[in-house]
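S.K.: Questions regarding the structure given below will be posed in turn.
The values are calculated or read from the model by the stated rules, or taken from the named source; none is laboratory data. Note that the coordinates shown come from a computational prediction; the quantities given were computed from them, not determined experimentally. Ideal geometry is used to build each Cβ from the backbone, glycine not excepted, and the neighbour counts take in all protein chains shown.
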């Protein structure tokens, strides 16, 4: 099964043109993040989609941490206590449904809101069952991503330098 693109080809081209060096970074690149920051956690198995989403949020000033699957996401959530999780549903190792079950079972993580990001035909039903605060259907309009993040943006500490961490670091 092929994945649906995260953004339209036009948005993808714009993000690549604004941050061409970002897409040459090796997996596991780590940059130091302000310890007071409550980042947004982007959980997406497709590396280009993950980096594009992180880049978009960074360009708007949000601190971001990323994970390639649910298991990495649990570790990142425990380490960074994000203010919001953008969660793909279909991933290897641990999918979004398994991640959400583990998250809800962890008292320290259960209150963190989740926005589901998916191209699945039954994504709306799954998002409701998971208790997600919102669903973004791929391909996503940039405005919809920013609208989904905005209510939690007051919790995220804005930063002046782009910073992305990855669970492999």
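S.K.: Looking only at the stretch 64-75, count how many residues are touching a residue at least 60 places away in the same chain (Cβ under 8 Å) and within 11 Å of the chain's Cα centre (by Cα).
M.R.: 6
S.K.: Go through the stretch 43-69 and report how many residues are more than 22 Å from residue 98 (Cα to Cα), surrounded by fewer than 22 Cβ atoms within 10 Å (Cβ to Cβ) and in contact with a strand residue (DSSP E or B) (Cβ under 7 Å, 6 or more places away or on another chain).
M.R.: Number satisfying all stated conditions: 1.
S.K.: Quick one: which helices (runs of 4 or more DSSP H) sit completely within the stretch 78-163 and have at least 1 residues that are modelled with pLDDT of 90 or more, in contact with a strand residue (DSSP E or B) (Cβ under 8 Å, 6 or more places away or on another chain) and under 20 Å from residue 55 (Cα atoms)?
M.R.: The qualifying helices (runs of 4 or more DSSP H) are 142-149.
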